[in-house]
Amino acid sequence: MKIFGLVGWSGSGKTTLVSGLLPELIGRGLTVSTMKHTHHNFDIDKKGKDSFEHRMAGATEVLITGSSRWAILHENRDAPEPSIDDLLARMEDVDLVLIEGFKSHNHQKMEIYRPAVGKPLLAAEDQSIVAVASDAKAADLPGLAGRGVPLISLNDIKAIADFIIGHTGLESGVHDGAA
């Protein structure tokens with residue numbers, strides 16, 4: 001199972017890019033899953049639902065299942081947030097896991113950068129960023145000078161997919177399950 005990250009500041013277009021990449025990569029015969037990191041406290045469960053009540057009563061995990069999908073809700077309680085490796089071990093084996101977020105983890109990733117967001121270029125300091133997808137031209141990104149990091153148009157989903165496939169060593173339609 002290969003992993004590749006997409007990072008960038010809030011509002012840069014990470015989720016939009018992932019939503020465009022999924023059909024492109026799947027259309028090339030790959031099985032793809034995603035992992036999304038958030039710094040915000042979130043809840044996908046609702047007060048008044050049985051599963052919510054189970055968690056509030058102290059269950060460590062609650063598995064919800066139905067004919068269309070299932071999910072495990074896991075409460076960290078006072079434990080630290082699990083590592084990417086721990087979380088990946090819980091996922092089904094696929095060709096590629098796209099990881100949105102986890103800026104500080106050392107996996108290889110592509111930065112999604114829009115100068116209009118008004119934040120600095122992460123790739124200037126982060127050696128784990130191996131490419132940048134942006135709506136800017138290279139001349140407008142002096143932090144890339146000398147890094148040898150490719151710049152890909154943020155609007156060119158096919159080129160971004162080509163880069164990810166080439167960089168991870170995946171070939172379209174190959175499902176070997178190798179790490």
Exercise. Pick from LEU87, LEU96, LEU73: which is under 30 Å from GLY58 (Cβ atoms), of a type in the set (A, V, I, L, M) and within 14 Å of the chain's Cα centre (by Cα)?
Worked result: LEU87
Problem set entry | Filter result for ALA123 (closer than 16 Å to LYS14 by Cβ and of a type outside the set (Phe, Trp, Tyr)) | yes
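Which of the following residues is at pLDDT 95 or above and of a type in the set (Ser, Thr, Tyr): SER153, SER104? Reasoning before the result, please.
Details: SER104 fails: at pLDDT 95 or above.
Selected residue: SER153, the only one of SER153, SER104 that is at pLDDT 95 or above and of a type in the set (Ser, Thr, Tyr).
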Seminar exercise, completed: Of (1) modelled with pLDDT of 90 or more; (2) outside any loop (DSSP other than H, G, I, E, B); (3) in contact with a Ser or Thr (Cβ under 7 Å, 6 or more places away or on another chain); (4) among the hydrophobic types (A, V, I, L, M, F, W, C), LEU73 satisfies every one except (1)
Problem set entry | SER12 surrounded by 14 or more Cβ atoms within 10 Å (Cβ to Cβ), assigned to a loop (DSSP other than H, G, I, E, B), of a type in the set (S, T, N, Q) and at pLDDT 85 or above | yes
Problem set entry | Filter pass, VAL62 being modelled with pLDDT of 85 or more, of a type in the set (A, V, I, L, M, F, W, C) and under 25 Å from the mean Cα position of the chain (by Cα) | no
For this session: Could you please tell me which pairs satisfy a Cβ distance under 6 Å, a separation of 6+ or placement on different chains, a first residue in the stretch 164-179 that is at pLDDT below 95, and a second residue that is outside any loop (DSSP other than H, G, I, E, B) and surrounded by 15 or more Cβ atoms within 10 Å (Cβ to Cβ)?
Result: LEU170/LYS2
Exercise. Of the conditions (1) at pLDDT 85 or above; (2) in contact with a Gly (Cβ under 6 Å, 6 or more places away or on another chain), HIS37 fails just one. Which one is it?
Worked result: (1)
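Rundown of residues vs (1) surrounded by 12 or more Cβ atoms within 10 Å (Cβ to Cβ); (2) not in a loop (DSSP other than H, G, I, E, B), yes/no style:
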residue: LEU6; (1), (2): yes, yes
residue: ASP45; (1), (2): yes, no
residue: ILE64; (1), (2): yes, yes
residue: SER67; (1), (2): no, no
residue: LEU87; (1), (2): yes, yes
Problem set entry | Tally, over the stretch 127-142, of residues that are surrounded by fewer than 16 Cβ atoms within 10 Å (Cβ to Cβ) and at pLDDT below 95 | 6
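The values are calculated or read from the model by the stated rules, or taken from the named source; none is laboratory data. Source: prediction; values computed, not measured. Here Cβ is always computed from backbone atoms with ideal geometry, including for glycine, and neighbour counts include all displayed protein chains.
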